[in-house]
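Asks: The structure's right below; bear with me while I get my questions together.
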Amino acid sequence: MSILVLHDDDFGAAVASRLCSASSDAAAVRLDDWPCPEELDSLVATAHQVVFAWSRPVQRLESAVDSAALRHGVTLLPVVAEGMATRVGPLLTPRTPATVDCYYRRRAQRAGAHSRLGAVHTHFDDHPTGEPAGYLAATIATVCGLARHLLRASADEDTADQARLVLVHPLTGEAAGSVLLGVHGNARSRAPFPPEQRTFARLRGIVRDAMEVNA
């Protein structure tokens with residue numbers, strides 16, 4: 001099997017159905033709230049690429065799937081409904097120096113200190129399934145098209161080390177693409193990140209250098 005789509009109900013099931021109908025070498029498996037690690041490992045080990053299709057951001061479960069993908073050297077592509085946007089990515093290949101946790105940490109940084117994002121994520125982690133999240137059929141078509149494009153691109157040697165992601169607005173159809181920078185010291189990084197990518201470490205170094213100059 002080439003593509004494995006792990007999904008929940010509602011949005012996730014719709015994504016899985018469309019991706020499988022478009023590819024003869026794709027298969028879908030509905031996950032329970034919390035699959036046992038052995039079950040998750042045995043599922044991920046059967047695929048070359050894994051799509052995590054979910055109706056809400058569930059960091060703990062998404063990270064568990066990411067860890068299994070890393071252990072078995074397969075590519076992971078999350079497709080997750082996040083409130084007023086739908087996220088396709090980050091595309092995480094064995095060569096990508098970033099993880100799902102890097103995405104959530106960067107997102108928390110952008111949200112700012114006054115955000116209640118932490119409480120939202122905690123609720124979804126504790127309730128990974130439940131009330132329907134709601135979605136538009138056009139959104140499913142858009143994100144599945146993007147997912148297929150990114151999965152094909154993961155074989156490109158020039159881009160396989162880029163954690164590319166796209167945020168799609170379901171009402172306007174607008175899509176904004178970017179590349180996720182990994183957080184220093186994450187599970188996929190094999191070497192330290194350049195200083196310009198280590199925000200805190202760089203700031204600490206600037207402060208230290210300034211103190212030494214003025215000492």
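Asks: Say R0 is 25 Å: what FRET efficiency, to the nearest 0.05, do residue 25 and residue 141 get from their beta-carbon distance?
Replies: Details: r = 21 Å, r/R0 = 0.82.
That pair, residue 25 with residue 141, gives E of 0.75.
Asks: Rounded, prolate or oblate: which fits the range 1-55 when a ≥ b ≥ c are the square roots of the eigenvalues of the alpha-carbon gyration tensor, with rounded for a/c under 1.5 and prolate only if a/b beats b/c? The partial results should precede the final answer.
Replies: Working: a/c = 2.76, a/b = 1.13, b/c = 2.44.
Cα axes put the range 1-55 in the oblate bin.
Asks: Could I have the simple spin-label model distance between residue 60 and residue 175, label points 7 Å from Cα toward Cβ, reported in nm to one decimal?
Replies: The modelled label-to-label distance comes out at 3.3 nm.
The numbers here are math on the coordinates, done by the rules we state, and not lab data. Everything numeric here is computed off the predicted structure, so don't read it as measured data. Cβ coordinates were reconstructed from backbone atoms using ideal geometry, including for glycine residues, and neighbour counts include every protein chain displayed.
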